[in-house]
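What follows is a set of notes on a single structure, which appears directly below.
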């Protein structure tokens with residue numbers, strides 16, 4: 001299930017434990033509408049993940065303050081830490097792999113990297129179809 005967020009509840013949403021996906025969307029953009037449908041489908045298969053959308057046309061100042069240039073843009077958080085950002089629509093299969101990759105992250109290593117104690121560990125898109133994501137710095141692909 002995808003919930004709708006606004007300025008009042010976005011900070012608490014991204015700070016919650018677990019995996020939280022934030023879809024910056026616009027019902028005026030065709031690519032965003034297509035991505036929204038896939039985002040909704042994936043949410044039905046992952047009750048352990050938090051899914052939310054923010055309509056950028058309702059509060060353009062909010063999107064600007066978060067550094068969102070347009071829709072769609074996906075931000076993924078794990079335990080309150082931003083671990084992935086992607087402008088543009090992702091296919092459902094890639095979104096599924098992204099969720100698996102986020103759960104596979106060693107959050108202790110991620111936090112150490114952010115704190116300047118090591119190399120930052122983030123998810124990145126691979127140019128090949130399989131696997132769509134890998135953990136940088138680990139050399140081990142995350143696959144479905």
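Read-outs throughout are calculated quantities, based only on the coordinates presented, and are distinct from any laboratory measurement. Note that this is a predicted model, so its numbers are computed, not measured. Here the Cβ is made from the backbone with ideal geometry for all residues, glycine too, and neighbour counts use every protein chain on show.
A Förster radius of 25 Å, combined with the Cβ-Cβ distance separating residue 111 from residue 3, puts the computed FRET efficiency at roughly 0.40. Residues 103, 24, ranked from the fewest to the most other C-beta atoms within 10 Å, line up as 103, 24. DSSP assigns beta bridges within the stretch 3-73; of those with both partners inside it, close to 10 percent run antiparallel. Distance between the pseudo-spin-label points of residue 13 and residue 58 (7 Å out from Cα toward the beta carbon): 0.8 nm.
Fewest neighbouring Cβ atoms within 10 Å first, the residues 5, 95 line up as 5, 95.
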